[in-house]
Amino acid sequence: RLCRIRGKMKRRAWVRRGDIVLVSPWDFQSEERGDIIWRYRRDQAEWLRRNGYLEISR
């Protein structure tokens, strides 16, 4: 999926390959595009994995 970083988040967060992000699909082209609305820190991503909210798939 091709996503863009929201303006509010653009200046304060760097997103790299492998980061866990929360995406809001666009109303049109919802299967192809979306906005990144949150980037999880490493400790937050580990918490999500431990509590079953995130599956490990690579």
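Extending each Cα 7 Å along its Cβ direction at Ser30 and Tyr53, get the distance between those two points in nm, one decimal. According to this spin-label approximation, the distance is 2.2 nm.
At 222 nm, what helix-only mean residue ellipticity would the chain give, in deg cm²/dmol to the nearest 500, using -39500 (n - 2.57) for each DSSP H run of four or more? Walk me through the numbers on the way to the answer.
Details: 2 runs with 13 residues, N = 58.
After summing the helix terms and dividing by residue count, I get -5500 deg cm²/dmol.
Distant-in-sequence amide contacts of Trp38, defined by a placed amide H-H separation under 5 Å and a gap of 5 or more residues or a different chain, comprise Leu22.
With a Förster radius of 22 Å applied to the beta-carbon distance between Gln44 and Arg12, the computed FRET efficiency rounds to 0.90.
The trypsin sites (Lys or Arg not before Pro) found in the stretch 17-53 that occupy coil by DSSP, while having at most 16 further C-beta atoms within 10 Å, are Arg17, Arg41.
Values quoted throughout were computed directly from the atomic coordinates according to the rules given, and no laboratory measurement underlies them. Being a predicted model, the structure only gives us computed values, none of them experimental. Don't worry about glycine lacking a Cβ; one is built from the backbone with ideal geometry, like all the others, and counts go over all protein chains shown.
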